[in-house]
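First comes the structure, then the notes that go with it.
The values are calculated or read from the model by the stated rules, or taken from the named source; none is laboratory data. Values in this document were obtained by computation on a predicted structure and should not be read as measured data. Quick reminder, even Gly has a Cβ in these numbers, built from the backbone with ideal geometry, and neighbours come from all protein chains shown. The accessibility values were calculated without ligands, DNA or RNA, using every heavy atom of the protein model including side chains. Shrake-Rupley method; radii C 1.70, N 1.55, O 1.52, S 1.80 Å.
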Amino acid sequence: MTGAKILAFGGYQPDKVVTNDDLAKLVDTNDEWIRSRVGIESRRVAADDETVTDMAEAAGAKALAASGLAPSAIDLVIVATCSPLVPMPSVSAIVAHRLGIVAPGAFDLNAACAGFCYAMDTASNAIAAGSARNVLVIGSEKMTSWVDWTDRSTCIIFADGAGAVVVGPTGGDEPTGIGPVVWGSAGDQGNKITVTGRTGSMRQDGQAVFRWATTAMAPVALEACRRAGVTPADITAFVPHQANLRIVEAIARRLGIPRERVADDIVHAGNTSSASIPLALSRMAEQGRLQPGTPALLLGFGAGLSYAAQVVTVP
Ligand code: UT7
């Protein structure tokens, strides 16, 4: 069977920067609390008329350009998102059209903050099964469209942005570059992060999610390493969902992965749900923090509660 690998990355962030001091004018909070409890210094917020589709297009265009592939070489587009403006048409079909990708398979996928890792596995399987040659995988979110700007437990965390990767086939005897996924869900805790009604706002039991993430996710990450035939010591980049820097660092400590190998994009990007992993990957690539040909560990987790992890080879 053909293996799959990441060919290129692309990231997009809206122009508007919102600092912790800006939020302190809206709710009873302060810069010191947010930095120490969440690790965020600033985040990006999309313009009123800027949609998940617009951001997905921008990130997708960058990844496609970086891959060197023509739009005609893409025959599947998957957009992981939980914050599209409307449920139909899909973000993916419109983005594909805007990027000049003619008649690809196209669908959106919602596994909340774990969505990108679910989409990566789907892309890898489509290539292995021969149903796609190259796949454009995008995570795009306008989480601020679900934010209640009077709720200090959510408005200080969530933000907007998009990240994308192009996934293509491995050549010849080359081993697959997308390892087996470890995924699952805990629907009994589905009430821990919710949006109620079509026009409602997001609510979360932050402490419960924090406890779950810092206890249950390291074993998931370890199992993803085991299935890929590597150990945490082999991992040159750990790119977990950028939920909260304390969560990210706690999981990394449990895995024994040194801090310099750990994505910390949340500091200036905030929590962008399914966009956070590809955004962090593209930022690490820009910063020269990725080592081509080596294993990186992706770990998504969030509402559902849902999670997914896999080891990928850095392009
Ligand atoms: O990506 C989707 C998954 N979501 C997550 O991963 C979120 C996970 N949870 C978290 O990141 C954290 O639980 C939060 C950032 C939401 C909250 O941080 P925490 O350290 O768990 O705070 P807490 O809820 O235990 O509250 C501690 C104190 C409370 O005051 P008292 O009762 O000790 O007087 C809160 O009222 O901090 C207070 N507090 C705040 N103070 C200033 C809560 N939010 C704020 C705030 N600014 N924004």
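What the table below lists for this structure:
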{"read-out": "Count of Lys pairs (Cα-Cα under 19 Å; at least 8 positions apart or interchain) in the chain", "value": "4"}
{"read-out": "Extension gain from residue 35 to residue 1, taking 0.36 nm per residue of separation minus the Cα-Cα distance", "value": "7.6 nm"}
{"read-out": "Dipole of region 182-313, positive direction: furthest Cα of 182, 258, 284, with charges on the beta-carbon", "value": "182"}
{"read-out": "Lys, Arg +1 and Asp, Glu -1 on Cβ, resulting dipole of region 182-313 about Cα centre, debye, nearest 20", "value": "180 debye"}
{"read-out": "Heavy-atom surface of the chain, accessible at 1.4 Å and reported per residue (Å²)", "value": "40 Å²"}
{"read-out": "Charge dipole (debye, nearest 20) of the chain; +1 at Cβ of Lys and Arg, -1 at Cβ of Asp and Glu", "value": "580 debye"}
{"read-out": "Phi-based couplings in Hz for region 268-273 (Karplus 6.51, -1.76, 1.60; Gly and Pro marked x)", "value": "10, 10, x, 9, 10, 6"}
{"read-out": "Which of 242, 230, 298, positive extreme of dipole for the chain (C-beta unit charges)", "value": "230"}
{"read-out": "Charge dipole (debye, nearest 20) of region 4-169; +1 at Cβ of Lys and Arg, -1 at Cβ of Asp and Glu", "value": "580 debye"}
{"read-out": "For region 36-187, with +1 on Lys and Arg beta carbons and -1 on Asp and Glu, the positive-most of 36, 158, 131 along the dipole", "value": "36"}
{"read-out": "Phi-based couplings in Hz for region 194-205 (Karplus 6.51, -1.76, 1.60; Gly and Pro marked x)", "value": "9, 10, 9, x, 6, 10, x, 10, 6, 10, 9, 8"}
{"read-out": "Distance (nanometres) between label positions extended 7 Å along Cα→Cβ at residue 150 and residue 196", "value": "1.5 nm"}
{"read-out": "222 nm mean residue ellipticity, helices alone, for the chain (DSSP H n ≥ 4; -39,500 (n - 2.57); rounded to 500)", "value": "-9500 deg cm²/dmol"}
{"read-out": "Rounded percent of accessible protein surface that carbon and sulfur make up, region 4-169, 1.4 Å probe", "value": "54 percent"}
{"read-out": "Derived scalar couplings ³J(HN,Hα) [region 85-99; Karplus, 6.51 cos²θ - 1.76 cosθ + 1.60; whole Hz; x for Gly, Pro]", "value": "4, 9, x, 8, x, 5, 4, 4, 5, 6, 4, 4, 4, 5, 8"}
